[in-house]
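Below you'll find the structure, written out as structure tokens, and then a few comments.
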């Protein structure tokens with residue numbers, strides 16, 4: 001469950017809350033700017049800002065903010081001896097904004113709107129007056145106009161055009177009024193084509209890693225919420241015909257093909273290549289991948305450049321064999337892909353980054369061996 005969903009749920013219970021967000025992070029720190037956690041009057045509800053003494057102290061202050069309704073900032077400068085004594089050898093410094101969220105009807109409606117907008121793929125941001133947090137305003141990034149003061153809107157529009165509205169901001173107007181801007185990015189969506197054992201393990205792990213999971217399968221007994229309770233969408237698609245109908249596979253969609261047969265893998269791959277998701281992966285052995293690629297090149301009119309967008313076999317090469325292990329390898333690669341595609345994290349190891357660039361070249365995809373369920377490969381999903 002996302003932080004926004006948790007906020008909506010707790011507000012329905014009429015709880016006083018505090019959202020604790022990292023608004024600034026310098027040097028080494030446990031979490032990056034934008035990380036947040038939700039606290040009520042009794043303690044932590046959801047999320048994390050990195051654990052340890054820092055989080056413990058922030059939870060205590062968050063409980064007080066939830067009660068008082070007054071926002072505040074907290075600064076942690078943990079370097080050298082201070083860091084060691086606090087048990088945070090990471091060092092660095094962070095600045096937190098503690099925002100009270102109380103269950104007034106206006107606030108409940110605002111966060112319900114936010115949840116719906118993000119579910120539809122819209123990137124949003126909230127503008128919170130530091131001295132009057134209850135008067136927060138919600139804005140859609142792509143909107144032509146925003147219901148905020150012109151001076152603030154101009155500043156934010158400039159930040160947005162420069163790609164600098166992806167982390168929290170502190171800004172002030174000419175009257176000395178202070179505001180905090182909290183960006184809310186639509187979650188990344190994972191579409192799993194296939195509902196077998198590997199898909200089940202992958203869906204469970206991906207949901208815990210904050211992907212919105214959608215599952216497609218050609219069998220009703222596999223495409224159901226009992227089997228995939230963590231999935232936002234579960235759909236039965238006979239023979240995978242028009243399997244992505246009604247699903248806009250746009251910027252923040254990752255597709256992983258794990259069907260129960262090579263012919264279905266081929267069919268879904270053809271459809272996915274035409275939709276152009278942000279990331280496209282397919283499970284399988286070296287021989288299976290080469291066979292499918294040859295058919296797409298020789299019979300379906302695709303070019304090598306098209307196939308270079310496919311990561312196959314999908315998943316990091318960690319020697320995975322069981323469905324759970326393969327699920328871990330797949331989601332680990334998806335997390336790395338998300339970090340690269342978001343463009344906000346640049347600390348990936350070069351060899352890891354190279355594994356999430358759409359296989360870089362079709363030849364690399366053909367040549368990579370993987371460990372798993374069929375032949376030598378990181379798994380062929382053959383299980384029903």
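Identify, please: which residue in segment 123-132 is closer than 19 Å to residue 34 by Cβ and either in contact with a helix residue (DSSP H, G or I) (Cβ under 9 Å, 6 or more places away or on another chain) or not assigned by TED's automatic domain parsing to the domain that holds residue 11 (or both) and is, among those, modelled with the lowest pLDDT? Once the filter is applied, the top-ranked residue is 123. Taking the numbered list (1) out of contact with any strand residue (DSSP E or B) (no Cβ under 7 Å at 6 or more places or on another chain); (2) surrounded by 18 or more Cβ atoms within 10 Å (Cβ to Cβ); (3) closer than 27 Å to residue 336 by Cβ in turn, residue 222 passes all entries but (3).
Taking the stated definitions as given, is residue 337 touching a strand residue (DSSP E or B) at 6+ places or on another chain (Cβ under 6 Å) and at pLDDT below 95? Write out each step before concluding.
Values: touching a strand residue (DSSP E or B) at 6+ places or on another chain (Cβ under 6 Å): yes; at pLDDT below 95: yes.
Yes: the conditions hold for residue 337.
The number of residues in segment 116-137 that are within 30 Å of residue 254 (Cα to Cα) and in a loop (DSSP other than H, G, I, E, B) comes to 4.
When you scan segment 1-89 for strands (runs of 3 or more DSSP E) that lie fully inside it, which ones turn up with 2 or more residues that are modelled with pLDDT under 95, more than 21 Å from residue 182 (Cβ to Cβ) and touching a helix residue (DSSP H, G or I) at 6+ places or on another chain (Cβ under 8 Å)? Even if it seems obvious, please write down each step before you answer.
Values: elements: 17-26, 36-40, 43-47, 72-77.
Correct list: empty, since no element meets the threshold.
Checking the condition closer than 24 Å to residue 242 by Cβ, under 25 Å from the mean Cα position of the chain (by Cα) and assigned by TED's automatic domain parsing to the domain that holds residue 246, which residue from 258, 340 passes? Even if it seems obvious, please write down each step before you answer.
Values: 340 fails: closer than 24 Å to residue 242 by Cβ.
Checking each option against the conditions leaves just 258.
Which of the residues that make up segment 274-296 are more than 23 Å from residue 326 (Cβ to Cβ) and either touching a strand residue (DSSP E or B) at 6+ places or on another chain (Cβ under 6 Å) or at pLDDT 95 or above (or both)?
Step one: of segment 274-296, the residues more than 23 Å from residue 326 (Cβ to Cβ) are 274-276, 294-296.
Result: 294, 295, 296.
Quick check, is residue 246 on the phi > 0 side of the Ramachandran plot and not assigned by TED's automatic domain parsing to the domain that holds residue 115?
Working: on the phi > 0 side of the Ramachandran plot: yes; not assigned by TED's automatic domain parsing to the domain that holds residue 115: yes.
Considered against the rule, which asks whether it is on the phi > 0 side of the Ramachandran plot and not assigned by TED's automatic domain parsing to the domain that holds residue 115, residue 246 comes out as yes.
Applying the set (1) assigned to a loop (DSSP other than H, G, I, E, B); (2) within 19 Å of the chain's Cα centre (by Cα); (3) surrounded by 18 or more Cβ atoms within 10 Å (Cβ to Cβ) to residue 215 leaves exactly one unmet item: (1). Taken over segment 195-210, the criterion of being at pLDDT 95 or above and in a loop (DSSP other than H, G, I, E, B) is satisfied by 195, 196. Scanning segment 185-203 for residues that are surrounded by fewer than 22 Cβ atoms within 10 Å (Cβ to Cβ), touching a helix residue (DSSP H, G or I) at 6+ places or on another chain (Cβ under 7 Å) and farther than 14 Å from residue 283 by Cβ yields 186, 187.
Here 140, 113, 157 are screened, and the one residue that is surrounded by fewer than 18 Cβ atoms within 10 Å (Cβ to Cβ), closer than 24 Å to residue 253 by Cα, without any contact (Cβ under 8 Å) to a residue 24 or more places away in the chain and under 27 Å from the mean Cα position of the chain (by Cα) is 140. Within segment 163-173, identify whether any single residue is in contact with a helix residue (DSSP H, G or I) (Cβ under 8 Å, 6 or more places away or on another chain), in a loop (DSSP other than H, G, I, E, B) and surrounded by fewer than 17 Cβ atoms within 10 Å (Cβ to Cβ), and answer yes or no. Checked segment 163-173: at least one residue is in contact with a helix residue (DSSP H, G or I) (Cβ under 8 Å, 6 or more places away or on another chain), in a loop (DSSP other than H, G, I, E, B) and surrounded by fewer than 17 Cβ atoms within 10 Å (Cβ to Cβ).
Selection of helices (runs of 4 or more DSSP H) fully inside segment 246-349 by the criterion of at least 3 residues being in contact (Cβ under 8 Å) with a residue 40 or more places away in the chain returns 262-275, 286-298, 323-342.
The values are calculated or read from the model by the stated rules, or taken from the named source; none is laboratory data. Because the structure is a prediction, the values reported are computed rather than measured. Every residue, glycine as well, gets a Cβ built from its backbone with ideal geometry; the counts of neighbours run over all protein chains shown.
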